[in-house]
Amino acid sequence: MRRSPVHRPVVLVAAVGLVLAACSAQSPSPSGSAEASASVAPATGGTVRIGWSGSPDSLNPGNGLLSEAYTLYELVFDTPIGVNNDGAYEAELATDWSVSDDGLTWTMNLVEGATFHDGSPLTADDVKFTLELYRDTADFPYLPSYGDVFESIDAPSPTQIVIHLSSAVGNFEARMAFMYILPKHIWETIDDPVAFQNEEMIGSGPFALVTHVQNESVTLEAFDTYWKGRPNIDGVIFQTISNPDARVAALTNGQVDLITEFPATAITTLQDAENVEVYIADTFPGSLRDVFFNQVLPENCPPDDGVCTGHPALLDVAVRRALATAMDKQQIIDVTQLGLAAPGLTLTPPGLGDYYASEVADYAFSIDAANQLLDDAGYLDTDDDGIRECPASMTDCGPTGDLTFRFNYADDIDEAPREADLLKGTWNQIGVEIQIQGLDADTLTSVCCPAFDYDIMLWGWGSDPDPGWLLGVAICDEVGSGFSETGYCNPAYDDLYVAQGIETDHDARVDLVHQMQQILIDDVVYMIPYYPQTVEAYRTDTYSGWLTGPLTLGLEDPASLAIIRPLQ
Amino acid sequence: MSGRGSYLVAKVGWALLTLALVITFNFVLFRILPGDPARSVAHDPRVSPATVAALTARFGLDKPLFLNLEGGDPFDSQFVAYVGRLAAGDLGVSYNFRDRPVAEMLGIGLVNTLWLVVPAQVLAILIGVAAGLVAAWRRGTPLDAGALTFGLVLWAVPTFFMGIILLFLGSAWFDLPTAGKGTIGAEYASIWEELGDLVRHLFLPTLTFTLVLLGEYLLIMRSSVIEVFSEDYILTAKAKGLSTFRIIRDHALRNAMLPMVTLIAINLGFIVSGAIQIESVFSWPGLGELTVNAVRKRDYPVLQGAFLMLAIAVVLANLAAELLYGWLDPRVREA
């Protein structure tokens, strides 16, 4: 299992925000054995070695797609607003922020004394420049959409920023969590910010870049004059170890202090290893595995790209409910994730804190109940071949009329073939057949959406810290854009989506987001087998004080790396 | 002389033609597959249509493939631009590592790969030839049977499997490093210490690669020597009373090496692609890892560059083999 399965090239899953300020208030659970006796002079120094599977795709925060890149940005840059291990937003460069009554003007006050790694001061001018750069550079893949509502940005004083919005938004803090503040004096001289490699990578974060060798290593050193205080360790080295078995071996024989992902089958080995601790937690913001149906109605079929060959029975919510009832989530988790996942519910994972609709009841697994649903809806096995047929009233069910569905999965998901097999097993028991075929992600995209040339798909998402983005894949407007995978269209859901987008009161927005999740469950737009958990392993004989739980940003987040101490 | 000259021209001509076909094929191959890099970025609710359009234009993917038939400059196409840049030695910029020139990435990868494959090839050739020779010389003895079994097993074991096993054994028993080409962040007192660290990191991958290549060399060399031993001139040499050592050195070895030359030349062409599995197992930052990652991310420019490089290596190695053969064996040249 991986920490953040970025199966669609999504996802700023990586850690978000710094937690240094929170650390004094909130005592991290000590994970090292020597922590208790360290009452004399706490040790400092040392370089933490981390083995990870990939390598950052770009040092330019505008260009990054991979989670490794975002891990690095979190360490090297500051954002105005950060996120902590509880999944809550907290002050970072912005000491406080407020919104006008009409929701259109946000004012942020900035810390004093922050400097960039090259010694120049960080002021409101840098913040204004950065926000405008991200908003206006259309070739940056993600960041322009975070800034799309920033109509104008003012810097009335070196420590104040005023942002005027074109329309009110309910996720201002989430939009600020990825605004890695850049030094204006360097970036304003760059003609083409997309082509800029940013090899110096000057930021204002707790660690400064020393060297970066593509696909080999990234070396960082503690920033001595960091405005929140220098980290306890001297530096961090990320080493690319692409082979998972080699990563496990590197940890057990002491070549690295922490590995960020490894196969679930290695967990027992690591738990038995000396001086190694395995750490498992719900991830913030988290990711999910999903199984979804082609639900595009003929009248909604995209005129240009739509093929729309979905099985008509899948448009019947009774069939979708029966399939959901016949999905044994615990079995899938136990077999394919070795138990290391939380049962899934909707598109909003538990890592998003109160946005996760824990009160919504899922379909309890029951073959009998699923059979009953299909019987009641008129899907009977009239020709006794073990597979149910569509009712006579339903046309276009194919020559045999069977409930036989095409089932595609993304073949870069290691567990997908096994998961498809397990689903086939329980679905066969309710008289449903699936024809399983794995496809590479690009091919899957081309049959998925907006072509809608499939019946059922198994895939995955990584979530943004804000629930709005993922909930948006189920709105009517996205049916033709390629973002809607299901073709689902429900005006009631769309109304809620619009309402949560402009609701600035947190509790009211949480309520709207929960209502949307209830609709997703009622209509079985998506089935979520599980939410993968973060599984990492670290050595207990080198550093202590890793910040663990309740949720986790990952032990490689600055939240942990700024507070751990060497054991000598 | 004229025979040799036209032979040379014909072979070089064919090699160039092959390369031209490879370049075209490379270009077409990656574009007939469904999906494109701009879209693979796009499958995310946070990526706006404007961004997709901007990326498509930046990559040049909005232009027609071969010829622009919709008015304007007919040669304003992806293929013409590709060949034009290629002629200038520009392999383009990676789509995935958006800001990195492909030539630079390939250059770094090639150097790392050569560190791995050159020692392994040399070791495998030396040990394989020697062991094959000894086995043939001692044909029918337990030594021969042992060498034959050893060679067959090595040839049969899948590369990645051998790599994984050696990785486990090497790291558990001998504390050898399992990944990368140096201890990251280490500061070395001297160049020798740095070299020692490199050798430690090279040990397991080189050992794996040597063993993988060794079996084939051993077996071919053995059968080739046995064949030569059955020739009349060996019998004549024996009748003249020459020592076994002289028979092997002066009569058997040179003839037995003929098929080996072909094998070595062809293997040299594939050494870069052959290291892919070993680089994956040992996280060696060479061309193989680069290519595998580029395939995953549909990074056209990197793939085109890497495939071109592999193709050039194979074509050059084959050309070298043919020219060498023509020189070694006049019958080939005359034919």
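The values are calculated or read from the model by the stated rules, or taken from the named source; none is laboratory data. Please read these numbers as outputs of a predicted model, since none were measured by experiment. Virtual Cβ from ideal backbone geometry, glycine too; neighbours counted across all protein chains shown. Side chains included, ligands, DNA and RNA excluded: accessible areas come from the protein's heavy atoms. Shrake-Rupley method; radii C 1.70, N 1.55, O 1.52, S 1.80 Å.
Taking square-rooted eigenvalues a ≥ b ≥ c of the alpha carbon gyration tensor, is region A:86-129 rounded, prolate or oblate, where a/c under 1.5 means rounded and, failing that, a/b exceeding b/c means prolate? The shape class here is oblate.
Taking B:Ala189, B:Ala54, B:Ala124 as the candidate residues, the one with maximal mean-square fluctuation in a Gaussian network model of chain B, Cα springs under 10 Å, is B:Ala189. What does the C-alpha gyration tensor say about the overall shape of chain B? Classify as rounded when a/c is under 1.5, otherwise prolate if a/b is larger than b/c, or oblate. Here chain B falls in the oblate category. Given a 1.4 angstrom probe, I'd like the percentage of the accessible area of chain B that is carbon and sulfur, rounded to a whole number. About 69 percent, which is the carbon plus sulfur part of the accessible surface. Rolling a 1.4 Å probe across the protein heavy atoms gives the protein assembly as shown an accessible surface of 40 Å² per residue.
Residue by residue, region A:405-418 carries 3J(HN,Hα) couplings of 10, 6, 10, 10, 9, 7, 7, 8, 8, 4, 7, 4, x, 5 Hz when phi is fed to the Karplus relation 6.51 cos²θ - 1.76 cosθ + 1.60 (θ = phi - 60°); x denotes Gly or Pro.
In terms of its C-alpha gyration tensor, region A:305-380 comes out prolate, because a/c is 1.5 or above and the ratio a/b outweighs b/c. Using a 10 Å cut-off on Cβ to Cβ distances, tally the other chain neighbours for every residue of A:255-263 and report the average as a whole number. Mean inter-chain Cβ contacts per residue within 10 Å come to 1. Shown for chain A: the carbon plus sulfur share of the solvent-accessible area, taken with all protein chains present and a 1.4 angstrom probe, equals 49%. Once the Cα-Cα distance is subtracted from the 0.36 nm per residue extended length, the A:Gln331 to A:Glu199 segment shows a gain of 42.8 nm. Here is the list for region B:169-216: GluC sites (Glu not before Pro) lying in DSSP coil, each with at most 14 other C-beta atoms within 10 angstrom of its C-beta, are B:Glu187. Eigen-decomposition of the gyration tensor built on the alpha-carbon atoms of the protein assembly as shown gives equivalent ellipsoid semi-axes of 52, 36, 30 angstrom, largest listed first. Judged by the mean number of other Cβ atoms found within 10 Å, the most tightly packed of the peptides A:307-314, A:537-544, B:257-264, A:268-275 leads the ranking A:537-544, A:307-314, B:257-264, A:268-275. Could you compute how much accessible surface B:Arg139 exposes when probed at 1.4 Å, giving the result in Å² to the nearest 10? Estimated to the nearest 10 Å², B:Arg139 gives 150 Å².
Here, region A:356-500 has an Rg and a Dmax of 17.4, 50 Å when only alpha carbons are counted. Between the amide H of A:Thr95 and those of A:Asn109, A:Leu110, A:Val111, distances stay under 5 Å, these residues lying 5 or more places away or on another chain, with hydrogens modeled in the peptide plane. If R0 is 30 Å, the Cβ-Cβ spacing of B:Arg296 and A:Gln435 corresponds to a FRET efficiency of close to 0.70.
The value of relative contact order for region A:416-568, using C-alpha pairs under 8 Å at least six residues apart, is 13 percent. In a reduced charge model with +1 at each Lys and Arg Cβ and -1 at each Asp and Glu Cβ, the protein assembly as shown shows a dipole moment near 5280 debye about its Cα centre. Determine, from the Cβ-Cβ distance of A:Ser100 and B:Phe203 and an R0 of 56 Å, the FRET efficiency 1/(1 + (r/R0)^6), rounded to the nearest 0.05. With a Förster radius of 56 Å, E is 0.25.
Taking the DSSP bridge list for chain A and keeping only pairs wholly inside it, about 75 percent are antiparallel. The mean count of C-beta atoms from other chains within 10 Å of the C-beta of residues in A:433-443, rounded to a whole number, is 2. Computed from label points 7 Å out along Cα-Cβ, the spacing between A:Asn253 and A:Asp495 is 6.5 nm. In order along region B:56-61, the phi-based Karplus estimate (6.51 cos²θ - 1.76 cosθ + 1.60, θ = phi - 60°) of 3J(HN,Hα) comes to 4, 5, 4, 6, x, 7 Hz; Gly and Pro are listed as x. With the convex hull drawn around the C-alpha atoms of region A:269-322, the volume per residue stands at 204 Å³.
Identify, among A:Leu422, A:Ala392, A:Val127, the residue whose Cα sits farthest towards the positive end of the charge dipole of chain A, taking +1 on the Cβ of Lys and Arg and -1 on the Cβ of Asp and Glu, with the dipole about the Cα centre. It is A:Val127, whose Cα lies furthest towards the positive end. Residues whose amide H falls under 5 Å from that of A:Val210, counting only those 5 or more places apart or on a different chain, are A:Thr219, A:Leu220, A:Glu221, with hydrogens built in the peptide plane. What you get for region B:185-317, charging only the Cβ of Lys and Arg (+1) and of Asp and Glu (-1), is a dipole of about 480 debye around the Cα centre. Per-residue surface analysis assigns A:Ser98 an accessible area of about 60 Å², computed on protein heavy atoms at 1.4 Å probe radius.
Couplings 3J(HN,Hα) for region A:283-297, derived from phi with the Karplus relation 6.51 cos²θ - 1.76 cosθ + 1.60 (θ = phi - 60°), are 8, 9, x, x, 9, 8, 8, 9, 10, 9, 10, 6, 10, 6, 7 Hz, where x marks Gly and Pro.
The label point for A:Glu112 and the one for A:Thr44, both projected 7 Å from the Cα toward the Cβ, are 2.4 nm apart. Distance between the pseudo-spin-label points of B:Leu242 and A:Asp304 (7 Å out from Cα toward the beta carbon): 7.8 nm. Considering only A:Thr107, A:Ile259, A:Pro450, whose Cα is most displaced toward the positive end of the charge dipole of chain A, charges sitting on Cβ of Lys, Arg (+1) and Asp, Glu (-1)? Checked the options; the winner is A:Ile259. Calculated on the Cα set of region B:176-237, radius of gyration then Dmax: 21.0, 64 Å. Within region A:162-258, all pairs of alpha-carbon atoms sorted by distance into 10 Å bins from zero give the percentages 12, 28, 32, 20, 7, 1. Between chain A and chain B, the total buried accessible area stands at approximately 4200 Å², from heavy atoms with a 1.4 Å probe.
Mean separation of Cα pairs under 8 Å and 6 or more residues apart, divided by the residue count, gives chain A a relative contact order of 24 percent. For the segment A:238-251, counting C-beta atoms of other chains within 10 Å of every residue's C-beta and taking the mean gives 6.
Here's how it looks for A:Tyr531: its modeled amide H is under 5 Å from those of A:Ala342, A:Gly344, which are all 5 or more places away or on a different chain.
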